[in-house]
1. Considering only residues that are modelled with pLDDT of 85 or more, surrounded by fewer than 16 Cβ atoms within 10 Å (Cβ to Cβ) and touching a helix residue (DSSP H, G or I) at 6+ places or on another chain (Cβ under 7 Å), which ones fall in segment 45-54?
2. Find all pairs meeting these conditions: Cβ atoms under 6 angstrom apart; at least six residues apart or on different chains; first residue within segment 131-148 and touching a residue at least 12 places away in the same chain (Cβ under 8 Å) and over 20 Å from L104 (Cβ atoms); second residue in a helix (DSSP H, G or I) and of a type in the set (A, V, I, L, M, F, W, C).
3. Scanning for something surrounded by 14 or more Cβ atoms within 10 Å (Cβ to Cβ) and modelled with pLDDT under 80, does segment 79-89 turn up at least one residue?
4. Only one residue in D74, D100, D115 is part of a helix (DSSP H, G or I) and more than 18 Å from G35 (Cα to Cα). Which one?
5. Please go through segment 16-44 and give me each residue that is part of a helix (DSSP H, G or I) and either crowded, with 16+ Cβ neighbours inside 10 Å or at pLDDT below 90 (or both), ordered by number.
6. Say whether the condition of being surrounded by 13 or more Cβ atoms within 10 Å (Cβ to Cβ) and in a helix (DSSP H, G or I) is met by at least one residue in segment 61-70.
7. Residue under question is E97, and the condition is that it be surrounded by 11 or more Cβ atoms within 10 Å (Cβ to Cβ), within 30 Å of D144 (Cβ to Cβ), free of Cβ contacts under 8 Å to residues at least 40 places away in the same chain and not β-branched (V, I, T); does it hold?
Amino acid sequence: MAAASYDRLVTTEPASPTAGDTEPASADDARYQIGEVAERTGVTHRTLRFYEEKKLLQPSERMQGGFRLYSEQDIERIEQIKKLQSLLGMSLAEIKEMVDAEQLLSQIRATRRRDRDLPTRKKRVAQVEAALRLQRDIIDRKLDQLAEMRSTLDERLSTVGQRRQEIDDEISEALTEAARDGS
């Protein structure tokens, strides 16, 4: 198979198909190889492998030859990782906490049932609350760091503004003195 065809969209079948397995793959079953994912997300193959090594990302499946296959959900996770890195300057450890919490929230949402017993529902709500608090705490830490950085910059701007004013005052004095000497 040509190299370019490895990067095309592929649909996968279960690893061990059963005898009655004849339904066609749905759009939700779409899987993408690493090249197409890299192109779609703007990250390199190496970055995707690094994310996998750091347990930020786990490809949905692998082909028989070991080629990674990514789902739409995996691509969304990559986009979230990129957003957290660029927007908040998060470390990979913080990103892992954020995306793991988001994955837990998605799993809980996907399995939500109103007919569960109340103690189980309460436990699930507590899990959601804990995951959301974790995410908020991470963002709060970043906001605190940004506020501290902004405060430092404000102090520097104030110092530079004072220095500029001192220079303007000295220029005015020099012009006034030159005008007196010239009269």
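The values are calculated or read from the model by the stated rules, or taken from the named source; none is laboratory data. For clarity, every value in this text was computed on a predicted model and none was experimentally measured. In this analysis, Cβ positions are derived from the backbone assuming ideal geometry, glycine residues included, and neighbour counts consider all displayed protein chains.
1. The one that is modelled with pLDDT of 85 or more, surrounded by fewer than 16 Cβ atoms within 10 Å (Cβ to Cβ) and touching a helix residue (DSSP H, G or I) at 6+ places or on another chain (Cβ under 7 Å): H45.
2. Cβ pairs passing all conditions: K142/L88.
3. Scanning segment 79-89, I find at least one residue that is surrounded by 14 or more Cβ atoms within 10 Å (Cβ to Cβ) and modelled with pLDDT under 80, so the answer is yes.
4. Answer to the check: D100.
5. Across segment 16-44, the qualifying residues are A27, D28, D29, I34, G35, E36, V37, A38, T41.
6. No, the conditions are met nowhere in segment 61-70.
7. Against the criterion (surrounded by 11 or more Cβ atoms within 10 Å (Cβ to Cβ), within 30 Å of D144 (Cβ to Cβ), free of Cβ contacts under 8 Å to residues at least 40 places away in the same chain and not β-branched (V, I, T)), E97 does not qualify.
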